[in-house]
1. From Ile95, Ile39, Ile58, which residue is loosely packed, with under 12 Cβ neighbours inside 10 Å and not basic (Lys, Arg)?
2. Just to be sure, is Gly98 part of a helix (DSSP H, G or I) and farther than 20 Å from His128 by Cβ?
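What follows is calculated from the coordinates using simple rules that are stated; it is not laboratory data. Because the structure is a prediction, the values reported are computed rather than measured. All Cβ positions, glycine included, derive from the backbone under ideal geometry; neighbour counts span all protein chains shown.
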Amino acid sequence: QQKQPPLVLGGLFLAFPFLPAANLLVTVGFVVAERVLYIPSLGMVLLVVYGAQILWSIFIKQRSVLLFVGLLFIVILCGRTVARNRDWASRQALIRAGLKALPHNAKLHYNFANFLRDTGQLELATKHYKEALR
C-alpha cells in the first residue's frame, strides 16, 4: 500500500494528460492551449496542497510564519493578476503587451498588423506585416 497517495495521484494528474500535448512523444502540430492544461493544473493543485499540509504538520511552532508567507504569496499573485487584467482590456492592449514581452514574435506582429489594418492605420500595419515576415 502506498504511503503518499496524494503525491502519486497529483504527479499522475500532472504528467499523463500533459504528455500528448507536450510534443515529446509525437508532434501534435498545435500550440499548447489552456484547455489542454486544465487536468494538469488539478495535479499541480493536489501537489501544492499536499506540500502545504506537510509543511503545516512539520512546522507546528512556526505556523503563524507559514500562514503569513502563504497569505503574502497569495496577495502578490493577486496583484499580478490585477496588473495582467489590464492587458486584456482590449485587443490592442493584449497585442501590445505581447509585443512588449516578445518583440520578435512573428504571430504577434501579424495579429497587430491585422488590428491596425482593421482600424485603418495602413502604414503602420504594413510595417508590422513586414516585421512578421522577417
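1. Ile58
2. No: the conditions fail for Gly98.
Listed here are the residues, each with its yes/no results for (1) among the acidic types (Asp, Glu); (2) touching a residue at least 12 places away in the same chain (Cβ under 8 Å).
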| residue | (1), (2) |
| --- | --- |
| Gln92 | no, yes |
| Leu102 | no, no |
| Asn105 | no, no |
| Leu108 | no, yes |
| Ala113 | no, yes |
| Asp118 | yes, no |
| Leu124 | no, no |
| Leu133 | no, yes |
